Amino acid sequence: MKSAAPIRSICCIGAGYVGGPTMAVIADRCPDLQVTVVDINQDRIDAWNDSDLSKLPVYEPGLDAVVGRARGRNLHFSTGVDEAIASADMVFISVNTPTKTRGLGAGQASDLRWVEACARQVAKSAVGHTIVVEKSTLPVRTAEAVKAILSAAEHSLDGSQRSFSVLSNPEFLAEGTAISDLESPDRVLIGGEHPEAIESLASIYGHWVAHERILRTNLWSSELSKLTANAFLAQRISSINSVAALCEATGADVREVARAIGTDSRIGPKFLQAGPGFGGSCFQKDILNLVYLCRHFGLPDVADYWESVVQLNTWQQHRIARMVVKKLFGTVTGKRLAILGFAFKADTNDTREAPAIRIAKDLLEEGAQLAIHDPKVDSEQIARDLQLPASTAPAVDSGPTRAALSGEGTWWPSDDVASALREADAVIILTEWNQYRDLDWSVLAPLMRQPAWLFDARSVVNPSEVRAAGLNFWRVGEGQS
Ligand code: NAD
Ligand code: UDX
C-alpha cells in the first residue's frame with residue numbers, strides 16, 4: 001500500500017470543461033506534481049496542446065495564462081489513457097454524465113456509461129495503490145458501483161498487488177469564472193471512507209486553499225451535496241423568474257424586488273437575476289437526476305417539488321418567444337429578427353441547454369428569419385443546436401421574399417451587431433455579453449425596420465437610451481406602471 005505516501009503523479013480522465021481547467025490550476029499551484037489529462041477525443045487533446053493558446057478547446061478568462069505557465073512543465077495532455085493511469089497515484093474521473101436519452105430512466109437519470117467505462121479502465125490499468133476520485137457529478141451512491149468494479153480487480157487472480165480507495169470530490173466551478181472559482185473556491189468538498197486517502201487529496205488542495213475551506217464528509221453526503229447545491233441555485237432562478245412574470249402583470253419591477261429581498265441577509269443578493277431561464281450543462285441535468293432519485297427512493301412528492309423548478313424554467317423560455325410574437329402584431333413569419341447572444345451565459349463559448357436554443361427554435365417554428373450574433377459561439381455549433389443548417393443572409397433591400405413569407409424559418413450567423421440589426425423588426429438580447437451593454441442605440445435603431453422592438457431578456461441596456469432612440473422596449477420583469 002502506498003496510500004500514505006505523498007502523491008507525485010495524477011491523471012485526469014476527461015479533458016472537458018471541468019477536467020482541463022481544474023487540472024491546469026492544480027498543476028499551476030503544485031509544480032512538484034505531474035498532472036496528465038487524458039481523453040479519447042484526439043481533436044480535443046490536439047487543441048489542448050496547440051501552441052496558439054487562443055485555440056484551447058474551452059474558452060475561459062485567464063485559462064490561457066494558467067495553461068501557458070504549466071503545460072510542458074508538469075501539465076500534459078494525451079490520449080494515452082492506460083499509460084497515464086498506470087503511472088498515477090491518483091486518478092480523477094471527470095467525464096460527461098448527461099441525462100439518459102433512452103432506456104430505464106430516460107429523460108431524467110444520468111447516463112453513467114462513461115463513468116463505468118473509466119472505472120473499468122482504471123481497474124485494468126492501475127498499478128499498486130490508486131486513489132480514484134469522482135470529479136464528475138454523480139447520483140448519490142454511484143461510488144458503490146465504482147467500488148464494486150475496482151474491488152473485483154483487487155481480487156483478480158493474475159497475481160498483481162493492486163488496491164484502491166474511492167473519494168468523491170465534486171466540482172463547483174461555474175463556467176465563465178472557472179479560473180477564479182478554482183483559485184479561490186468557497187469550499188472544496190471531499191467525501192470518503194479512508195482518512196489517509198482523504199488527507200492525500202486535501203494536501204493537494206492545501207497548496208492554495210485555506211484549511212477551513214476543505215470540507216470532509218462521508219461519500220454519500222458529498223455526492224448528494226453537489227446535486228443539492230445545483231438544485232438550490234436553480235430554484236432561486238426559477239423563483240425570481242416566476243416573480244418577474246408577476247411584476248410584468250402588476251407594474252412592479254423585478255430588479256427592485258430582487259434588491260429589496262436580496263438585502264435580507266438570510267436571502268442574500270446572488271442568483272436573483274431574472275432572465276430567459278437558466279441554461280448550461282448542469283442545472284437541468286442535475287435536478288432531473290435528483291427527481292429520478294427521489295422517485296426511485298419512494299419520495300414522489302419531493303420529486304414533484306424539484307421537477308417544478310425545471311418546468312418553470314421551460315415555461316419562461318417559451319413565454320419569452322410567445323411574447324415576442326405577440327408584440328410583433330401576432331406574427332413573425334418572414335420577419336427579420338436579430339438574436340444577440342447564443343451562449344448560455346456570458347464569457348463562455350458553451351451553448352449546452354442555452355435558453356437561446358429553445359427561444360430561437362420557437363421563433364423559427366413561427367417562420368422567423370433570424371440573424372444570430374454571438375462573440376464566441378461559432379456557426380457550426382449554432383447549426384447543430386438548432387438542427388438546421390445556416391442560410392446565407394438575404395439581401396437587406398429585398399423586402400420579404402416569397403420564400404420567406406411561405407413560412408419556412410431560417411437563420412444565418414452575423415459577425416457584427418449592426419449587420420444583424422439591419423432591416424430587423426426586433427432585436428432580442430439573450431446573453432449578457434458586456435459588449436451588448438455599451439451599444440449606441442441612437443446609431444443602431446435607424447438601421448431597423450420601423451416600428452421596431454428591443455426585447456432585453458438580460459436587463460443589460462439602458463432603457464431611457466433605447467426609448468430615446470425611438471424603439472419600443474420590453475425587458476424581463478418590468479411592469480408598465
Ligand atoms: P465535457 O463533455 O466537456 O468533457 C468530458 C470529456 O470526457 C469529453 O472530452 C469526453 O471525450 C471525455 N471522455 C468520456 N469518456 C471517456 C473515457 N472513457 N476515457 C477518456 N475520456 C473520456 O464534460 P464537462 O462539462 O467537463 O463535465 C464533466 C463532469 O463534470 C460532468 O459530470 C458534469 O456534470 C460535471 N460538472 C460540470 C461543470 C461545468 O460547468 N461544465 C461544473 C461542475 C461539474
Ligand atoms: C452552475 C453552478 O453555478 C456551478 O456551481 C456548478 O459547478 C455548475 O453549474 P454554470 O452552469 O456554469 O454553473 O453557471 P451559472 O453561473 O450557475 O449559471 C447557470 C445559468 O443560470 C445561466 O444560464 C445563467 O445565465 C443563469 N442565471 C444565473 C440566471 O438566469 N440568473 C442568475 O441570477 C444567475
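Summary table below
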quantity	calculated
Listing of helices (runs of 4 or more DSSP H) fully contained in the range 1-77 that carry 2 or more residues being modelled with pLDDT under 95 and within 12 Å of ligand 1 (Cβ to nearest atom)	none
Residue that is nearest to the chain's Cα centre (by Cα) [pool: residues in the range 457-471 that are closer than 15 Å to Asp440 by Cβ and outside any helix (DSSP H, G or I)]	Val460
Flag if Glu423 is open to solvent by 50 Å² or more (accessible area, probe 1.4 Å), outside any loop (DSSP other than H, G, I, E, B) and modelled with pLDDT of 95 or more	no
Residue match in the range 33-48 (condition: hydroxyl-bearing (Ser, Thr, Tyr), open to solvent by 10 Å² or more (accessible area, probe 1.4 Å), away from ligand 2 (no atom under 16 Å from the Cβ) and over 24 Å from Ser200 (Cβ atoms))	no
Qualifying positions in the range 203-230 - buried (at least 20 other Cβ atoms within 10 Å of the Cβ) and of a type in the set (Gly, Ala, Ser)	Ser222
Residues of the range 294-309 satisfying the condition of being farther than 27 Å from Arg458 by Cβ and open to solvent by less than 20 Å² (accessible area, probe 1.4 Å)	Cys294, Ala303
Residue ID - farthest from ligand 2 (Cβ to nearest atom), chosen from residues in the range 120-149 that are assigned to a loop (DSSP other than H, G, I, E, B) and open to solvent by 60 Å² or more (accessible area, probe 1.4 Å)	Val127
Candidate set: the range 145-176, residues that are modelled with pLDDT of 90 or more and polar (S, T, N, Q); chosen: the one farthest from Ile26 (Cα to Cα)	Ser151
Residue list for the range 317-376, filter: at positive phi and open to solvent by less than 30 Å² (accessible area, probe 1.4 Å)	Gly334, Gly341, Gly367
Candidates Leu454, Leu439, Leu444, Leu388, filtered to the one that is free of Cβ contacts under 8 Å to residues at least 40 places away in the same chain, open to solvent by less than 50 Å² (accessible area, probe 1.4 Å), of a type outside the set (Val, Ile, Thr) and assigned to a loop (DSSP other than H, G, I, E, B)	Leu439
Subset of the range 87-135 [among the small types (Gly, Ala, Ser), within 24 Å of Arg162 (Cα to Cα) and either free of Cβ contacts under 8 Å to residues at least 60 places away in the same chain or in contact with a strand residue (DSSP E or B) (Cβ under 7 Å, 6 or more places away or on another chain) (or both)]	Ser87, Ala88, Ser94, Ala117, Ala119, Ala123, Ser125, Ala126
Matching option when the condition is part of a helix (DSSP H, G or I) and either within 16 Å of ligand 1 (Cβ to nearest atom) or more than 27 Å from the chain's Cα centre (by Cα) (or both), among Ser225, Ser242, Ser238, Ser221	Ser225
Scan of the range 37-74 for residues that are over 24 Å from the mean Cα position of the chain (by Cα) and either among the hydroxyl-bearing types (Ser, Thr, Tyr) or closer than 30 Å to Lys124 by Cα (or both), ordered by number	Ser51, Ala70, Arg71, Gly72, Arg73, Asn74
Lone qualifier among Ala152, Ala174, Ala178, Ala117 - being open to solvent by 20 Å² or more (accessible area, probe 1.4 Å) and within 19 Å of the chain's Cα centre (by Cα)	Ala174
Residue tally, condition touching a Cys at 6+ places or on another chain (Cβ under 8 Å) and in a loop (DSSP other than H, G, I, E, B), over the range 182-218	1
Residues located in the range 245-277, provided they are in contact with a helix residue (DSSP H, G or I) (Cβ under 6 Å, 6 or more places away or on another chain), open to solvent by 60 Å² or more (accessible area, probe 1.4 Å) and either away from ligand 1 (no atom under 16 Å from the Cβ) or in a helix (DSSP H, G or I) (or both)	Ile267, Pro269
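The values are calculated or read from the model by the stated rules, or taken from the named source; none is laboratory data. From a predicted model like this one, the values you see are computed outputs, not experimental measurements. When we count neighbours, we look across all protein chains shown, and the Cβ atoms used for this are built from the backbone with ideal geometry, even at glycine. To get the accessible areas, we keep the full protein, side chains included, count just its heavy atoms, and leave off ligands, DNA and RNA. Shrake-Rupley method; radii C 1.70, N 1.55, O 1.52, S 1.80 Å.
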